[in-house]
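Novice: Handing you a structure now.
The values are calculated or read from the model by the stated rules, or taken from the named source; none is laboratory data. Note that the coordinates shown come from a computational prediction; the quantities given were computed from them, not determined experimentally. Glycine also receives a Cβ, built like all others from the backbone with ideal geometry; neighbour counts cover every protein chain displayed. Surface accessibility is based on the protein's heavy atoms, side chains included, excluding ligands, DNA and RNA. Shrake-Rupley method; radii C 1.70, N 1.55, O 1.52, S 1.80 Å.
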Amino acid sequence: MLPFMLYDVMVIGAGLAGLMAALVAQSKGARVLLVSKAMGSLPLTSGCIDLLGYLPGRRESFIDSPYPILAQIGSFWPSHPYSKIGPEKIRQALQFFKDTCSQIGLPYVGDPDRNLLIPTSIGTFHPTCLTPASMKNGDL
């Protein structure tokens, strides 16, 4: 038997998406193999979790409250993954992420009902749904 046949799920890539995919599969009882070539860019990110900061083609103003727009996104962007997943599954996924991070001592603040406006290192503002608790006082 080949070594990878000992697993139910094999996730390739240890970025945030790969880590969350592996964690969700493992939490559902799957035997998971996570394969990564290197560390990737995860340590270089802001740590923020964006949901919906701007509407497509309208970068001049940010979205203050992204969650209500999720139910409408299919009407103007039907192929977007949010249209296929739906608002409630997105809320559940964000809560799973927050709970997981809290359990390992990396608490996050925020929720999908209100974007935080966080300053960036280049002097702009970044609308984001969740941010590490250490950054919560940066909300403008």
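Novice: Out of all the residues in region 1-32, which are buried (at least 16 other Cβ atoms within 10 Å of the Cβ) and either part of a helix (DSSP H, G or I) or more than 20 Å from the chain's Cα centre (by Cα) (or both)?
Specialist: Those that are buried (at least 16 other Cβ atoms within 10 Å of the Cβ) and either part of a helix (DSSP H, G or I) or more than 20 Å from the chain's Cα centre (by Cα) (or both): GLY18, LEU19, ALA21, ALA22, LEU23, VAL24, ALA25, VAL32.
Novice: Can you confirm whether LYS89 is more than 17 Å from MET20 (Cβ to Cβ), at pLDDT 85 or above and open to solvent by 80 Å² or more (accessible area, probe 1.4 Å)?
Specialist: no
Novice: Another question, if that's okay. Could you please find all residues in region 47-60 being open to solvent by less than 70 Å² (accessible area, probe 1.4 Å) and modelled with pLDDT of 80 or more? Outline the logic, then answer.
Specialist: Just the residues of region 47-60 that are open to solvent by less than 70 Å² (accessible area, probe 1.4 Å), to begin with: 47-49, 51-56.
Across region 47-60, the qualifying residues are GLY47, CYS48, ILE49, LEU51, LEU52, GLY53, TYR54.
Novice: Continuing with this model, one more query. Looking at region 28-56, I want the residues that are without any contact (Cβ under 8 Å) to a residue 40 or more places away in the chain and have a partner that is in a loop (DSSP other than H, G, I, E, B) and open to solvent by 60 Å² or more (accessible area, probe 1.4 Å) with Cβ atoms under 8 Å, at least 6 apart or on another chain. Which pairs are those?
Specialist: ALA30/TYR7; ALA30/ASP8; ARG31/TYR7; ARG31/ASP8; VAL32/TYR7; VAL32/ASP8; LEU33/TYR7; PRO56/TRP77
Novice: Pick out the one residue from ALA38, ALA30 that is of a type in the set (Gly, Ala, Ser) and within 18 Å of LEU16 (Cα to Cα).
Specialist: On the way: ALA30 fails: within 18 Å of LEU16 (Cα to Cα).
The unique qualifying residue is ALA38.
Novice: Looking at (1) modelled with pLDDT of 85 or more; (2) crowded, with 17+ Cβ neighbours inside 10 Å; (3) not small (Gly, Ala, Ser), which is the one condition that is false for THR100?
Specialist: The failed condition is (2).
Novice: Separate question: Do we have any residue at all in region 37-45 that's buried (at least 16 other Cβ atoms within 10 Å of the Cβ) and either under 30 Å from ILE73 (Cβ atoms) or modelled with pLDDT under 95 (or both)?
Specialist: The first filter runs over region 37-45 and keeps only residues buried (at least 16 other Cβ atoms within 10 Å of the Cβ), leaving none.
The answer is no, given that none of the residues of region 37-45 is buried (at least 16 other Cβ atoms within 10 Å of the Cβ) and either under 30 Å from ILE73 (Cβ atoms) or modelled with pLDDT under 95 (or both).
Novice: Any residue in region 63-75 that is in contact with a helix residue (DSSP H, G or I) (Cβ under 8 Å, 6 or more places away or on another chain) and farther than 16 Å from GLY53 by Cβ?
Specialist: Yes, because at least one residue in region 63-75 is in contact with a helix residue (DSSP H, G or I) (Cβ under 8 Å, 6 or more places away or on another chain) and farther than 16 Å from GLY53 by Cβ.
Novice: Sticking with this structure for a sec: Considering only region 1-26, how many residues are in contact (Cβ under 8 Å) with a residue 60 or more places away in the chain and over 21 Å from MET135 (Cβ atoms)? Before you say what the answer is, go through the steps one by one.
Specialist: Step one: filter region 1-26 for residues in contact (Cβ under 8 Å) with a residue 60 or more places away in the chain, giving 20, 23-24.
Filter once more, so that each one left must be over 21 Å from MET135 (Cβ atoms): 23-24.
So the answer is 2.
Novice: On the given criteria, is LEU117 open to solvent by less than 60 Å² (accessible area, probe 1.4 Å), aliphatic (A, V, I, L, M) and out of contact with any strand residue (DSSP E or B) (no Cβ under 8 Å at 6 or more places or on another chain)?
Specialist: Details: open to solvent by less than 60 Å² (accessible area, probe 1.4 Å): yes; aliphatic (A, V, I, L, M): yes; out of contact with any strand residue (DSSP E or B) (no Cβ under 8 Å at 6 or more places or on another chain): no.
No; evaluated as a whole, the condition is false for this residue.
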